[in-house]
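Asks: Supplied in structure tokens, the structure appears directly below.
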Amino acid sequence: MTAPSMIEERSLWEAVFQRAPHGMAQLDLEGGWMAVNAALCALLGRSRDELLATELEALTHPEDLAVGEPELRGALAGELDSYEVQRRYLRGDGGVVWAQVTVTVVRGSDGEPRSLLAHLLDVTEHKQAEAQLAEYAEQLEELARQDPLTGLRNHRTFETWLDAQLHVARRTRSQCSIVLFDVDDLRESVGRDGARSEQLLARVAAVVKGACRSTDVAARVGNDEFALILPGADASVARAVAGRITAEVAGDGSVSMAFGVGCWPADGEGAEGLLRRAGAQLRATKGRGPDRGRSEGGAAGGAGGGGPAELGQIVAAARRALDADVAYLTRVDGSQEVVWALDGAPFAEGEDARVCAEVRLSDGRRFGRLCVAGGASRPEPAAHDLEVLRSLAAVVASTIESDRHALTARRDHEEMVVMTALLSALSARDHYTGEHSKTVVRLAVAVGRRLGLDDDEVQQVRQVALLHDIGKVGIPDSILQKDGPLSIQEWKLMREHPAIGARILAGTRTLAHLAPAVHAEHERFDGTGYPNGLSGAAIPIASRITLACDAYDAMTTDRPYRESLPVQRAAEQLALGAGTEFDPAVVAALVAELGVERVPAAGGVDATRTAA
């Protein structure tokens, strides 16, 4: 066969050059056009004559003129054969196009550079998707910093801002105060009316926010707890601001608020000291009516000075029953023991305690002590006094347990409100994901029970399975709703959804504990998954269960680009992935739950028998 002549080779190269589906150009070493193809003309929205009459740099976006200069110098110096950069170019219609530019140096027989060959691939859609993702991520970060009910900053953001403001205060040698608020007896005010409770909390939040300067930070730090950071304010200013807020909140008689104040540097070097001081004042003044918040700390007079109203009544009963001047209930707070409720005349804490009984909760933990002091007619404790006090201490423990159960119920309700809002946002954009999550939840809970997880662990599995796709709210619609398979670049963006979901959950007080498991939902048992390459038991069990149930539901659901697999075939695929992609124990439990009689797993192990 006769070798093609140089003319034929040149003709062939010209044909390939002109018919190439992507933009191509040959340039001299100064960047001037030597030849351009039709695809490049279409990419830049200009005719061939227009391009050849214009310098490439004149078509480059002004902000990208320096992009690729170091690489070009290296290529011309013989350090590189080719290089790749991304630059923006100005189209003839006034638009801007992003191009991924691959430049190769064409050298002569002597090795010296003669010209440059450039390939330009349109990546505008990809860059727009990246920008959209960044915008979504920024919006989600902002949502993660907010309390979903009130729009105020949440607990995590409050702590971050407090640390930052104290840093500024130290540097500028200025003061900084915080105020902690607690809505009194909200549960008693509204009963089981959740909607009424949310209305009252939203009203309180509006009052707190309305009292803020532009430099202040208002946050909701608990179910019925709020906080203010007041940079530059001393304690007297903080108390005045808090007084105005509590007076306005109490104006219509629906609810009232107690508050406590902490000020830097008087009340401690760090955030912990301020919070402890403000918390002590808050506990001491809660339930005291119009005089609340005026005490500088320590014990407060009046029944119910610290915990629920029932505790104040029990403390008052102890004082009367033992004919004492004062009765008080303490609570262990870290290494300290602080007064939690007090009845009787003010006193110096810990002095002249006539008799005390320990308060222990049902799990054996020590809550604190119930004590009485003083009483001229009963100077010495009697055995009867201790028995009475022990009986009342048992009632205190029972009351505290009951209140904690109610608090747990309220927190469960709050978690469900947040989860429902997040899932509604996702379902509105991707109906498949919403329906898919329901199936995954059902299977994941069943697998968790088959594996012998306790009730708390099964509940976490349920929540992770429900929220495992929540990060997809940060994925562009062009990817999320695409009918066909995703490209490599699209998959790269899609793989960000576990991290996005984890950031969303980490920003909530009630769901933050789920963030690690949601983040690890696509980790593989053999360590080849993403984003952190975790393996085996290092992957949270909720993540391992959700991954297998997620994969099974995906395989057995019709998609626009493929048909679903039958149950038996999907179970076989799961078994083949046991030990590599999936936890073998999880696969065995899932196969058993599906009722598949016999599935040979990887390595010849019978998955059904393993599950048993």
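Asks: Assuming residue 279 fulfils every condition listed in (1) modelled with pLDDT under 85; (2) over 16 Å from residue 159 (Cα atoms) apart from one, which condition is it?
Replies: Going through (1) modelled with pLDDT under 85; (2) over 16 Å from residue 159 (Cα atoms) one by one, residue 279 breaks only (2).
Asks: For segment 264-278, what are the residues that are part of a helix (DSSP H, G or I), closer than 15 Å to residue 235 by Cβ and of a type outside the set (A, V, I, L, M)?
Replies: 273, 276, 277
Asks: Filter segment 525-553 for residues that are surrounded by fewer than 24 Cβ atoms within 10 Å (Cβ to Cβ) and more than 20 Å from residue 463 (Cβ to Cβ) and give the result.
Replies: The answer is 526, 527, 528, 529, 530, 531, 532, 533, 535, 536, 537, 538.
One line per residue, one yes/no per condition, for (1) part of a helix (DSSP H, G or I); (2) in contact with a Gly (Cβ under 8 Å, 6 or more places away or on another chain):
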{"residue": "531", "(1), (2)": "no, no"}
{"residue": "534", "(1), (2)": "no, yes"}
{"residue": "543", "(1), (2)": "yes, no"}
{"residue": "546", "(1), (2)": "yes, no"}
{"residue": "550", "(1), (2)": "yes, no"}
{"residue": "554", "(1), (2)": "yes, no"}
{"residue": "565", "(1), (2)": "no, no"}
{"residue": "568", "(1), (2)": "yes, no"}
{"residue": "572", "(1), (2)": "yes, no"}
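Asks: Considering segment 11-48 alone, what residues qualify as being part of a helix (DSSP H, G or I), at pLDDT 85 or above and out of contact with any Cys (no Cβ under 9 Å at 6 or more places or on another chain)?
Replies: Passing the criteria: 38, 39, 40, 41, 42, 43, 44.
Asks: Looking at 505, 514, 480, 453 in this structure, which one is modelled with pLDDT under 90 and over 30 Å from residue 161 (Cα atoms)?
Replies: It is 480.
Asks: Continuing with the same structure: Name every residue in segment 23-72 that is acidic (Asp, Glu) and free of Cβ contacts under 8 Å to residues at least 24 places away in the same chain, in order of residue number.
Replies: Listed by number, the residues that qualify are 30, 49, 69.
Asks: Could you grab me the full set of residues in segment 217-234 that are touching a strand residue (DSSP E or B) at 6+ places or on another chain (Cβ under 7 Å) and over 14 Å from residue 174 (Cβ atoms)?
Replies: Within segment 217-234, 217, 218, 219, 220, 221, 224, 225, 226, 227, 228 qualify.
Asks: Does any residue of segment 92-100 turn out to be out of contact with any Cys (no Cβ under 6 Å at 6 or more places or on another chain), touching a residue at least 24 places away in the same chain (Cβ under 8 Å) and assigned to a helix (DSSP H, G or I)?
Replies: The answer is no; no qualifying residue exists.
Asks: Another question about this same structure. Scan segment 213-263 for residues that are assigned to a helix (DSSP H, G or I) and under 12 Å from residue 183 (Cα atoms) and jot them down.
Replies: Once the filter is applied, which keeps residues that are assigned to a helix (DSSP H, G or I) and under 12 Å from residue 183 (Cα atoms), segment 213-263 yields 245, 246, 249, 250.
Asks: Testing residue 489 on (1) at pLDDT 85 or above; (2) polar (S, T, N, Q); (3) over 29 Å from residue 151 (Cβ atoms), one condition comes back false. Which one is that?
Replies: Condition (1) is where residue 489 drops out.
Asks: Has segment 430-444 got at least one residue that is modelled with pLDDT under 75, closer than 30 Å to residue 224 by Cα and in contact with a Leu (Cβ under 8 Å, 6 or more places away or on another chain)?
Replies: Scanning segment 430-444 turns up no residue that is modelled with pLDDT under 75, closer than 30 Å to residue 224 by Cα and in contact with a Leu (Cβ under 8 Å, 6 or more places away or on another chain).
Asks: Which one is farthest from the chain's Cα centre (by Cα), of the residues in segment 60-72 that are in a helix (DSSP H, G or I) and more than 17 Å from residue 102 (Cα to Cα)?
Replies: Within segment 60-72, the match that is farthest from the chain's Cα centre (by Cα) is 62.
Asks: Sticking with this one: Would you confirm, using the coordinates I've provided, whether residue 75 is within 39 Å of the chain's Cα centre (by Cα), touching a residue at least 24 places away in the same chain (Cβ under 8 Å) and surrounded by 17 or more Cβ atoms within 10 Å (Cβ to Cβ)?
Replies: no
Asks: Select from segment 468-493 the residues that are within 18 Å of residue 524 (Cβ to Cβ) and surrounded by fewer than 18 Cβ atoms within 10 Å (Cβ to Cβ) and list them in ascending order.
Replies: Hits for segment 468-493 are 491, 492.
Asks: In this structure, does residue 348 turn out to be touching a helix residue (DSSP H, G or I) at 6+ places or on another chain (Cβ under 9 Å), of a type in the set (A, V, I, L, M), at pLDDT below 80 and surrounded by fewer than 13 Cβ atoms within 10 Å (Cβ to Cβ)?
Replies: no
Asks: While we're here: Restricting to segment 235-258, count the residues that are of a type in the set (Gly, Ala, Ser), within 33 Å of the chain's Cα centre (by Cα) and modelled with pLDDT of 85 or more.
Replies: The total comes to 3.
The values are calculated or read from the model by the stated rules, or taken from the named source; none is laboratory data. What you see is a predicted model, and the numbers here were worked out from it, not measured in a lab. Using ideal geometry, Cβ is built from the backbone for each residue, glycine included, and neighbour counts are taken over all protein chains shown.
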